[in-house]
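The block underneath contains the structure these notes are about, expressed in structure tokens.
Bear in mind that the values in this text are calculations on the coordinates, not laboratory data. Just so it is clear, the model here is predicted, and its values are computed rather than measured. Every residue, glycine as well, gets a Cβ built from its backbone with ideal geometry; the counts of neighbours run over all protein chains shown.
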Amino acid sequence: FRGQGRGVWRYHAALPFDEGVSLPEGATPLHRAPRLRETVGVRSLRIKHEGMNPTGSFKDRGMTVGVRVAQKLGVGRLACASTGNTSAALAAYGARGGMQTLVLLPAGKVAAGKVAQAALHDARILEVDGNFDNCLDIVQDLAQRGEVYLLNSLNPFRLEGQKTIGLEILEEFREDNGRFPDRIVLPVGNAGNTSALYKAFRELVQSGALDPAEVPKLTGVQAAGSAPMVEAIEHGWPDTERWNEVETIATAIRIGNPVNAPKALPGIRGTGGTAVAVEDDAITEAQRDLAKEGIGVEPASAASVAGLKKLREKGVVGSEEDVVCLTTGHLLKDPDAAYEAGNKPEPVPNDPGAVLEHIGAQ
Ligand code: F0G
């Protein structure tokens, strides 16, 4: 599917257009993480850091396509419900495309960096007294009334752009290793990425570029306090009633009713993958593990590594596997979580001798 464009648009043959409203997005790094690989105990480990996109998350890959569609349709107002990153990306791409944006956020549950982005890129921000799922219900209602053009991952054009995560991973991994990865581990909220990656792999198989036996196992990770997809993999279908109240430090994936479940569950099952839930303290520990490799991510992103560690400990992931973990958002998205997880600043007097003494130098 590869062509001459940049980033996402390099894969325009797999997309509905040849170019989009672009900042530009995609072409994110596939980091090695040697110490973490050693700790986890797998043959190889790569970190696909989607936090390196223009607004700091993978959402940009979907917006470059989705906002272009909106432009072609000539719609007046773009809107989304969001746990934060979608709103930041929509605000920036909407601004780039010269369109008004409206974002609905769960009050008090969105990380500071994300609200700051939406605000400065000139989105109108509505703080809803409810959770993400409530916000999505409202914005779908507005879209059905023709008031706004919906740019959540229910919009199929968003997922077309997000397919390029899978295309980049396969291409780059094979260039380095001469083979495709066995497994891709990713955080799951609304399950848009899981659906998009599965679609990308199916299209590659259908085009003859990928052998069905080489399709990576899609492995989803959720926070224990917000894990309807894990329950669905274990018991058949998400029980959304049970997940009315969700809570986790990984606010990006604080979602009880994953709207893309019908597309994502066949992806996890059809590739021989699985889904696992991780506790918040394991997420924070994984965030520190990644940071020690120089890779700064927000909590939801670190869930992928926490999930891999857990599945390796349980023996579900084997020691001979080649694994890619997807980290979906940048550290600076959630400065409060980073501050909590990291070293605290130490006050010292304004004096070299006192500073030397404080750091324990001889
Ligand atoms: N990681 C981050 C950093 C996210 O922001 C999201 C979703 C996910 C993972 C989950 O991805 O929905 O494709 O399974 N954030 C959305 C938002 C819901 O509004 O920003 P998914």
Q: Work out from phi, with θ = phi - 60° and the Karplus expression 6.51 cos²θ - 1.76 cosθ + 1.60, the ³J(HN,Hα) of each residue of segment 246-257, listed in order in whole Hz, and give x for Gly and Pro.
A: 10, 8, 6, 5, 7, 4, 4, 10, 8, 9, x, 10
Q | Dipole of segment 59-150, positive direction: furthest Cα of LEU126, ALA70, TYR149, with charges on the beta-carbon | A | ALA70
Q | segment 284-362 and segment 14-83: distance between their alpha carbon centers, rounded to Å | A | 22 Å
**Q.** Long-range HN-HN contacts of ARG124 with modeled amide H, under 5 Å
**A.** THR101, LEU102, VAL103
Q. Once you put a point 7 Å from the Cα of ARG145 and another 7 Å from the Cα of GLU285, both along the Cβ direction, what distance in nm separates them?
A. 4.8 nm
**Q.** Net charge of neighbours whose Cβ lies under 11 Å from the Cβ of GLY84, counting Lys and Arg as +1 and Asp and Glu as -1
**A.** +3
(Q) Once R0 is set to 30 Å, what does the formula 1/(1 + (r/R0)^6) return for the Cβ-Cβ distance between THR240 and LEU126, expressed as a FRET efficiency to the nearest 0.05? (A) 0.85
(Q) For Cα pairs less than 8 Å apart in space and 6+ apart in sequence, what is the mean separation divided by the residue count of segment 2-156, i.e. the relative contact order in percent? (A) 19 percent
Q: Counting only DSSP beta bridges with both residues in the chain, tell me the antiparallel percent, nearest 5.
A: 15 percent
Q | Within the chain: Cβ-based charge dipole about Cα centre, in debye rounded to nearest 20 (Lys, Arg +1; Asp, Glu -1) | A | 1060 debye
Q: Show the residues, 5+ positions off or on another chain, whose built amide H is closer than 5 Å to the amide H of ALA223.
A: VAL278
Q: Mind checking which of GLY256, THR240, GLY208 is farthest towards the positive end of segment 182-278's charge dipole, using Cβ charges of +1 (Lys, Arg) and -1 (Asp, Glu) about the Cα centre?
A: GLY208
Q.
Below 8 Å between Cα atoms, with a sequence gap of 6+, how large is the relative contact order for segment 59-150 in percent?
A. 32 percent
Q.
How large is the direction-averaged shadow of the alpha-carbon convex hull of segment 59-150, in nm²?
A. 5.1 nm²
Q. Gaussian network model of the chain, Cα springs within a sub-10 Å range: biggest mean-square fluctuation belongs to which of LYS344, LYS333, LYS59?
A. LYS344
Q. Exposure proxy check: PHE17, PHE173, PHE1 ranked by fewest other beta carbons within 10 Å?
A. PHE17, PHE1, PHE173
**Q.** Calculated diffusion of segment 110-188, Stokes-Einstein form, Kirkwood radius summed over Cα pairs, 37 °C and 0.692 mPa s, µm²/s
**A.** 205 µm²/s
**Q.** Shape of the chain, Cα gyration tensor, a/c cut at 1.5
**A.** rounded
Q: Mind telling me which of ASP211, ASP133, ASP182 comes out most flexible in a GNM of the chain, alpha-carbon contacts under 10 Å?
A: ASP211
Q.
From the phi angles alone, apply the Karplus equation (6.51, -1.76, 1.60; θ = phi - 60°) to segment 338-350 and give each ³J(HN,Hα) in whole Hz, x where the residue is Gly or Pro.
A. 5, 4, 5, 7, x, 5, 8, x, 10, x, 9, x, 7
Q) What residue among THR240, THR327, THR251 has the largest mean-square fluctuation in a Gaussian network model of the chain, using Cα springs under 10 Å? A) THR240
Q: At 0.36 nm per residue, minus the direct Cα-Cα distance, what do ALA107 and GLU19 gain on full extension? Give it in nm, one decimal, please.
A: 28.1 nm
**Q.** Phi-based couplings in Hz for segment 12-23 (Karplus 6.51, -1.76, 1.60; Gly and Pro marked x)
**A.** 4, 5, 9, 10, x, 9, 8, 8, x, 7, 10, 10
Q: Please report GLU19, GLU346, GLU50 as a ranked list, fewest other C-beta atoms within 10 angstrom at the top and most at the bottom.
A: GLU346, GLU19, GLU50
Q: Output the pairs from LYS310/LYS333; LYS72/LYS217; LYS263/LYS310 with a Cα-Cα distance over 30 Å in this structure; if there are none, say none.
A: LYS72/LYS217
Q: Before anything else, pin down the relative contact order of segment 235-362: Cα pairs under 8 Å, at least 6 apart, normalised by residue count, whole percent.
A: 20 percent
Q. Out of residues 5 or more away from ALA275 or on other chains, whose amide H comes under 5 Å of its own, with H placed 1.01 Å from N in the peptide plane?
A. GLY220
